[in-house]
Amino acid sequence: MKTNRRISLADPILGDEEKRALAEVIDDNWLTMGDRVRAFEEAFARLHGQTDAVAVSSCTAALHLALQALGVGPGDEVLVPSMTFVATANAVLYAGARPVLADILGLDTPHIHPQTCARLVNSRTRAAIVMHYGGYVADMDAWRRFCDGHGLFLLEDAAHAPGVAPVGQASDAACFSFFPNKNMTTAEGGMILARDPDILAAARNLRCHGMTRVTLDRHKGHGFSYDVVALGYNYRMDELRAAIGLVQVAKLPEWNRRRSKLAGAYRHLLAAALPGVLVPFNPEAATAAHIMPVLLPAGADRTGVMASLLDAGVQTSIHYPPLHLFSHHRKLFPDVSLPNTEEYGRRVLTLPLHPGMADEDADFVVQALRRALDTAPGQNRTAAEP
Ligand SMILES: *Cc1c(COP(=O)(O)O)cnc(C)c1O
């Protein structure tokens, strides 16, 4: 069936308010680390039941700074998922510590879990980073008990889950991304939440070269010199991005509701049309519905299905190729074998999900997926996919 409809995987929503906010920054002629960055930090913190936050240049920078602010470094081990974006583990490497990759709980719960981590803990383990895959919040009560029991820091890679409780409330640090395909965007950007003000102060210092005073303080007349108290970085956020973020953060709750509603619609349509396609997670669970991952039947030709969907105007993706199988990381973790993560990585397909989609779009995608699975020559597939 030929169609002109195109349904993209994820689309940022930007408009006149963002344009006006950017124009105001240009008129004000103060471009970085000013009042808008501060206001964005406060608004983002408030949305998560906190009073303070530290805005940075990306979630990757946020993870690096959070680890360093907590004192995680050389000689330490950090529990991380392999079913995540590669930055989760890379941040641990930047901090000089060793990522220890854990398996997901199961195909229907693609989160790492205390149950899959217990045997990986030893005297060098200092922290665990949970990732709220798909926007579905990890079992934070179980994680808090586990980390307290073993004396570990608990960090959240919350790139998929801004604005959904209890994200940012039960961990030692939570890190967010505002990349364009996330639930809200500043183009590039990230944020750190932490309950301990000392951790936020350390992160704030490290994001700007470890300097004791930043330019705005000096501009406002607070001192003429500064000291450098640590090896810091340039991980700052600028005023243009913060201006966009202030507009977007106000819309996030409504967008998250729309995402959840679309995810619910997908679940019903998939259950009716394609009972062999598994949709992970409990439909009742708290979620920011960041993506719509499904598991194709074992042995389905995923590449053929994706090509056929693209022909039908439906863009799809894979979240994620397990990171321990990447060429670079394979060298670092030659002996790691994670059966559930690897099977999940072979079968997962991410369907379009973003608040700009219409209700009929989910139906269109599911019908296109049904046709693609009918026609893709997958049943007699012999070779294992990489
Ligand atoms: C997008 C993403 C990141 C990286 O975010 P950046 O802001 O691009 O650095 C990290 N972890 C996860 C799970 C992500 O989805």
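Distance between the C-alpha centers of region 320-347 and region 1-39? Whole Å please.
What the calculation gives is 35 Å, centre to centre.
If you place +1 on the Cβ of every Lys and Arg, -1 on the Cβ of every Asp and Glu, and leave all else neutral, what size is the dipole of the chain about its Cα centre, to the nearest 20 Debye?
440
By counting other Cβ atoms within 10 Å of each Cβ, how are LYS331, LYS251 ranked from fewest to most? Before the final figure, lay out the partial values.
Details: LYS331 8, LYS251 15.
With the sparsest Cβ surroundings first, the list reads LYS331, LYS251.
Residue-wise, which Karplus ³J(HN,Hα) couplings in Hz belong to region 70-85, taking 6.51 cos²θ - 1.76 cosθ + 1.60, θ = phi - 60°, and x for glycine or proline?
Going residue by residue, I get 7, x, 7, x, x, x, 8, 10, 10, 6, 9, x, 9, 7, 6, 5 Hz, with x marking Gly and Pro.
Please sort 287-294, 100-107 by packing, taking for each peptide the average over its residues of neighbouring beta carbons within 10 angstrom, highest first.
The packing order, highest mean first, is 287-294, 100-107.
Normalised by the empirical 2.2 N^0.38 Å for globular proteins, what value does the Cα Rg of the chain take?
So the chain has a normalised radius of gyration of 1.02.
Which residue, chosen from ASN4, GLN68, GLY134, occupies the Cα position most advanced towards the positive end of the dipole of region 1-142, where the dipole is computed from +1 (Lys, Arg) and -1 (Asp, Glu) charges on Cβ about the Cα centre?
ASN4
Can you tell me what percent of all Cα-Cα pairs in region 159-300 are more than 20 Å apart?
Value for region 159-300: 62 percent of Cα pairs lie more than 20 Å apart.
Rg over Rh of region 1-102, using C-alpha atoms and the Kirkwood radius, what does it come to? Show your work: numbers first, answer last.
Details: Rg = 19.3 Å, Rh = 17.2 Å.
Answer for region 1-102: 1.12.
Starting from the 7 Å offset along Cα-to-Cβ, what nm value, one decimal, do you get for the label separation of LEU93 and LEU332?
In this crude spin-label approximation the distance works out to 0.4 nm.
Report, in degrees rounded to the nearest 10, the 0 to 90 angle that the Cα long axis of helix 239-273 makes with the longest principal axis of the chain.
The helix 239-273 is inclined about 20 degrees to the chain.
Work through the residues other than MET357 whose Cβ is under 14 Å from its Cβ and net out their charges, Lys, Arg +1 and Asp, Glu -1.
Summing Lys and Arg as +1 and Asp and Glu as -1 gives +1.
What fraction of the Cα pairs in region 301-366, stated in percent, has a spacing above 15 angstrom?
Numbers: 1320 of 2145 pairs.
Above the 15 Å cut-off, region 301-366 has 62 percent of its Cα pairs.
Of PRO352, LEU338, ALA288, which is farthest along the charge dipole of the chain in the positive direction, counting Lys and Arg as +1 and Asp and Glu as -1 at C-beta?
Sorting the options by dipole projection puts first LEU338.
Determine by what factor the alpha-carbon radius of gyration of region 258-386 differs from 2.2 N^0.38 Å, reporting the quotient. Don't skip to the end; give the middle numbers.
Details: Rg = 15.4 Å, N = 129, 2.2 N^0.38 = 13.9 Å.
In units of the globular-protein estimate, region 258-386 measures up at 1.11.
Provide the packing ranking of 122-128, 112-118, i.e. peptides ordered by the mean count of other C-beta atoms within 10 Å per residue, highest first.
Descending mean neighbour count gives 112-118, 122-128.
Obtain the nm distance between the two label points defined at GLU254 and ASN282 by a simple spin-label model: each point lies 7 Å from its Cα along the Cα-to-C-beta direction.
Between GLU254 and ASN282, the label points sit 3.1 nm apart.
Set Lys and Arg Cβ to +1 and Asp and Glu Cβ to -1, take the dipole of region 259-386 about its Cα centre, and tell me which of ALA376, HIS328, VAL305 lies farthest positive.
Of ALA376, HIS328, VAL305, it is HIS328.
As an exercise, find the ratio Rg/Rh for region 31-157 from alpha-carbon atoms, using the Kirkwood inverse-distance average for Rh.
Taking Rh as the inverse mean 1/r over Cα pairs, Rg/Rh reads 0.99.
Longer than 30 Å from Cα to Cα, which of LYS261/LYS331; LYS19/LYS220; LYS182/LYS220 are they? Say none if no pair is.
In this structure, LYS261/LYS331; LYS182/LYS220 lie more than 30 Å apart at Cα.
Quick note: the coordinates plus some simple rules give every number you see, no bench work behind them. The model shown is predicted, which means the values in this text are computed figures rather than measured ones. Note: ideal-geometry Cβ built from the backbone for every residue, glycine included; neighbour counts use all protein chains shown.
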